[in-house]
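Heads up, the thing below is written out as structure tokens.
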Ligand code: ADP
Ligand code: MG
């Protein structure tokens, strides 16, 4: 988010029913892609939007798409193409959520592998929005079961991925079979040449939106991340506040409710904490900021909007409790500390599913974040003892202690005690033992499998592509599928079907050799039995794959006629899919990493 942007969702002209749902989700401000895409889409224009993962592209196209349709008319008015079944489901769910107050709205997701029957019945009853994978959408269009005469908006979500997965022809076919009057929105994280071609051929004078986050580093701020599972976040945060040394802290969360809730929790635990968010009156906000400045408050739990531009020199710690979805927000957040060249510390809590967002932040800020290490009980204890000692030193230096000396002498005279014992008793009155010597806490870090060997990786720029690196990590084997050239199969069909149906990222699909009656495909050697059995039934070009482990040319029908296709990973791998934030996609099948 850029500083000059102060527009809210209210300013975008969205219908009240949609605004209500968005506000209910706790979204405070539109993300940059949303700001840029919503107005032109509402006006019926085509858009070409390029922004990284996690920047809110779904709402960027869904909100205007919903605003432009009439739910009471039972026709398909919006069609969203997505590369995988998971993404299709996820987008459909999001659209349903954004459209929950649109009376009668019907959203349907359609993808391969699922039975036709229920999809047909839903289509017959009438739906307003269809979200699906290209192959199955094409099937329905061909059969005439999906009618697009009334289509107003066509969306290609994750277009680069869709084309990389071999859906290029299907997508083009679909684009050739939709009414010319529709608007088209194409969203993509990258813009390889084949996307540009698609844009030139099928989009009409599109509004070109490219969100390139600005590079910005804050050198005096030490930045680290802590990978914790979702349900350990609060615990981790509590220990972090106990053990990290700070003067004042600001902690960022995604929504106002979360801010209030966390502030309440901290207060209940004895912290001087308050929330700071857009729902509060200006007066209340000022009061909280003043209290932080003068030390009446130590912790503020804020949303991005409310904390924008906040300048409190005491802030020496920024905690990203919720990872920002917009990498620029990260830069603004950590800018709340390390002001005027002071030292600051920024700690980012990341759940395993959000790892992809962490990478985006690292890319955008052109720096690698350290792994956060919770200070050990000993470290904390030593620090506190040292602080106590220095307090005593100061007291010895500057106070006139004659009155107290007299008391000590009197006490020792009457009781006959050891001075050591007396001093110990006094210290114990001053400090509780557990405050000085904290207990060890269990390790809360989530396993960081995705970042193995992180430290050994070469510097940015010459780092080998992750996709390529992993490729060799997985033992591959040759599989036979019973669909071949005579059925009209193309390598892309196989990649698309297997990737979708096995939940397998396309780079794990190796060489493909097409023969007349069958084909050979290299896949991970360890495909789990349930996926394997499912793949047997999957149809490509109308023929069940009936996949089996390839046992070699025993049948002798593998004459020199087979042609080998390389599943072009060099192109696929520029967007490793393993690390997409998984938070919002159902995990249906084990990913290759689990194989
Ligand atoms: P993308 O498609 O760009 O990868 P998504 O649309 O999946 O990103 O959004 C990522 C996350 O950000 C989702 O959890 C979504 O609910 C959240 N989100 C989207 N827009 C906003 C916003 N304006 N404010 C807060 N959170 C948002
Ligand atoms: Mg998306």
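Laboratory data are not the source of any read-out in this text; all were calculated from the coordinates shown. Since this is a predicted model, take the numbers as computed values, not measurements. Glycine gets a Cβ as well: all are built from the backbone with ideal geometry, and neighbour counts include every protein chain shown.
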What ranking of 204, 158 emerges when the number of other C-beta atoms within 10 Å of each C-beta is taken as an exposure proxy, fewest first?
-> 204, 158
If you find the alpha carbon centre of the range 111-133 and of the range 64-87, how far apart are they in angstrom?
-> 12 Å
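Of the listed peptides 16-27, 428-439, what is their order by residue-averaged count of other C-beta atoms within 10 Å, with the highest listed first? It would help to have the intermediate numbers written out before the result.
Numbers: 16-27: 16.4, 428-439: 11.6.
Ranking, from highest mean packing down: 16-27, 428-439.
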Gained length - residue 311 relative to residue 143, 0.36 nm times residue gap less alpha-carbon distance | 54.3 nm
q = 0.11, 0.12, 0.15, 0.16 Å⁻¹, the range 289-447: log10 I(q)/I(0) [Debye, one scatterer per Cα] | -0.69, -0.77, -0.99, -1.07
Likely footprinting exposure, 351, 337, fewest C-beta neighbours within 10 Å first | 351, 337
How far apart, in nm, are two points set 7 Å out from the Cα along the Cα-to-Cβ line at residue 70 and at residue 440?
-> 7.0 nm
Would you please put 404-414, 280-290 in order of how densely packed they are, using the mean number of other Cβ atoms within 10 angstrom per residue and starting with the highest?
-> 280-290, 404-414
Report the calculated FRET efficiency for residue 399 and residue 490 (r = Cβ-Cβ distance, R0 = 56 Å), to the nearest 0.05.
-> 0.05
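Tell me, in nm to one decimal, what length is gained between residue 197 and residue 294 on full extension, where the rule is 0.36 nm per residue of separation less the Cα-Cα distance? Walk me through the intermediate numbers first.
Numbers: separation 97, 0.36 × 97 = 34.92 nm, distance 5.88 nm.
Stretched out fully, the residue 197 to residue 294 stretch lengthens by 29.0 nm.
Highest mean first, what order results for 362-370, 49-57, 175-183 on Cβ atoms within 10 Å? Could the numbers behind the result be given before it?
On the way: 362-370: 15.8, 49-57: 22.8, 175-183: 14.0.
Highest to lowest by the protection proxy: 49-57, 362-370, 175-183.
How long are the three semi-axes of the equivalent ellipsoid for the range 158-316, computed from the Cα gyration tensor as the root of 5 times each eigenvalue, in whole Å, largest first?
Details: eigenvalues 433, 67, 52 Å².
Gyration-tensor ellipsoid for the range 158-316: 47, 18, 16 Å.
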